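Student: A single structure is presented below for examination.
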Amino acid sequence: MQSDMDWSSILPKPWNGFFSLGPNNRPFATSLYHQLHCLDQIRTSFVRSNVDAETMRHVEHCLRYLKDVLLCHADITVEPAEWMEVGGNTMPGTDGDGVVHSCRDWDKVKEFVEEHPIILP
């Protein structure tokens, strides 16, 4: 998913995965959409020629956040590796393509978020 349109198609509108709950309509976000937002921030920062300090702080937050999520939800799916040459060294590597993972139905998360729209204060 390289294009802005591809990315925007997986983030619910208008609040990119934020929703309201409770009698006071408190805003919340699911980690799924926070994670997707972070990946998109990193993606867009790579294609920009000039990234300001605030955007870099945001990207740094996203990298730390995604690292913590990956460690928390360690996917232990076994991926076959091949021997490859990298920088004059032989080492194992994998691209993970075609490996089947046990996944959650993220469409259910999207439905929930869309059923609980943000209510502005």
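Student: Yes or no: residue 68 within 28 Å of residue 111 (Cβ to Cβ) and out of contact with any helix residue (DSSP H, G or I) (no Cβ under 9 Å at 6 or more places or on another chain)?
Tutor: Spelling it out, residue 68 is indeed within 28 Å of residue 111 (Cβ to Cβ) and out of contact with any helix residue (DSSP H, G or I) (no Cβ under 9 Å at 6 or more places or on another chain).
Student: Which numbered condition trips up residue 72, out of (1) modelled with pLDDT of 90 or more; (2) among the hydrophobic types (A, V, I, L, M, F, W, C); (3) under 13 Å from the mean Cα position of the chain (by Cα)?
Tutor: Result: residue 72 fails condition (3) only.
Student: Looking at the range 9-25, which of its residues are surrounded by 12 or more Cβ atoms within 10 Å (Cβ to Cβ) and out of contact with any Phe, Trp or Tyr (no Cβ under 8 Å at 6 or more places or on another chain)?
Tutor: Across the range 9-25, the qualifying residues are 10, 15, 25.
Student: Could you list, in sequence order, the residues of the range 45-65 that are loosely packed, with under 11 Cβ neighbours inside 10 Å and either in contact with a helix residue (DSSP H, G or I) (Cβ under 6 Å, 6 or more places away or on another chain) or farther than 19 Å from residue 34 by Cβ (or both)?
Tutor: Scanning the range 45-65 gives 46, 47, 48, 49, 50, 52, 53.
The values are calculated or read from the model by the stated rules, or taken from the named source; none is laboratory data. Here the structure is a predicted model, which is why all the values come from computation and not from measurement. Backbone-built Cβ (ideal geometry, glycine too); neighbour counts: all protein chains shown.
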